[in-house]
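Worksheet: the structure to be examined is printed underneath.
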Amino acid sequence: MAKNNLLFMNPIDGECLKSPFLFPLPRKCACERHIQGERYLVEGSKRSGDHRILFKYTISGEGELILDGVFRRLRSGDAFLVEVPGNYIYSLPADSPSWEFLYLVFWHPQAREIFQNIISECGNIFHLNPDSVVIQKAWALFQLFRTMTIADKYAASLTAWEFLMNLCREAGPQQISSGKQLLPVVDAYCCAHMDSPVTVEELA
């Protein structure tokens, strides 16, 4: 890793693995910039360790993702979600001077399940504006980890939840209009069944 690249681990990771409230916090956040002259290529099928989810957002330059045999050029604002390990390769292409990106890695099983649902609904690749709420929250998490101290773990968890929920919204804009129509129906159903448990399947 180049010396200008920054990687920060979650300072309360041990608590996150146990708490039902802290699980959406990532295990690590990083910002990297790779340039021609260095070899940068990652094969998802060769990654080892526990299963996890990688969120990677292109800040500048261009990268490339090969997912299930399909090539996709990654330009500023493009983001992708993949499971680790997985059937993909991402790299700095030979004709790209540089590739700068922000990434977050999520390890908790409950967080992985949410991301798997996002991938199922919205796909692996999408475009996010740099001033969007989801990217603002991603940078906020990066800064929290950068200080290596989290004074209020529940406020930090809220930032992670806001990242997740805004990613659901911003990665799938085609579903916003139908969602607005659905919300009153869901709200009415929940109010009518407050005396009994309501499952996700029932709401669907």
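When restricted to residues that are assigned to a strand (DSSP E or B) and either surrounded by fewer than 16 Cβ atoms within 10 Å (Cβ to Cβ) or among the aromatic types (Phe, Trp, Tyr) (or both), the range 105-115 contains 1.
Given the condition aromatic (Phe, Trp, Tyr) and farther than 15 Å from Lys56 by Cα, answer yes or no: does some residue in the range 71-92 qualify? Yes: one or more hits.
The residue that is farthest from the chain's Cα centre (by Cα), among those in the range 141-152 that are surrounded by fewer than 16 Cβ atoms within 10 Å (Cβ to Cβ) and in a helix (DSSP H, G or I), is Thr147.
Being over 27 Å from Arg39 (Cα atoms) and buried (at least 17 other Cβ atoms within 10 Å of the Cβ) is a description that applies to Glu162. Here the range 93-104 is the region considered, the condition is being under 20 Å from the mean Cα position of the chain (by Cα) and open to solvent by 10 Å² or more (accessible area, probe 1.4 Å), and the residue that is nearest to Ser157 (Cα to Cα) is Tyr103. Where strands (runs of 3 or more DSSP E) fall entirely within the range 7-88, those with at least 3 residues that are at pLDDT 95 or above and within 27 Å of Gly172 (Cβ to Cβ) are at 28-35, 52-61, 63-67, 70-74, 78-84.
Answer with yes or no whether Leu102 is among the aliphatic types (A, V, I, L, M), at negative phi, out of contact with any Leu (no Cβ under 8 Å at 6 or more places or on another chain) and modelled with pLDDT of 95 or more. Yes, satisfied.
Here is the figure for the range 1-57: residues that are exposed (fewer than 14 other Cβ atoms within 10 Å of the Cβ), of a type in the set (D, E, K, R) and closer than 17 Å to Phe115 by Cβ total 1.
The values are calculated or read from the model by the stated rules, or taken from the named source; none is laboratory data. Computed from a predicted structure; not experimentally measured. Here the Cβ is made from the backbone with ideal geometry for all residues, glycine too, and neighbour counts use every protein chain on show. Heavy atoms of the whole protein, side chains included, go into the accessibility calculation; ligands, DNA and RNA do not. Shrake-Rupley method; radii C 1.70, N 1.55, O 1.52, S 1.80 Å.
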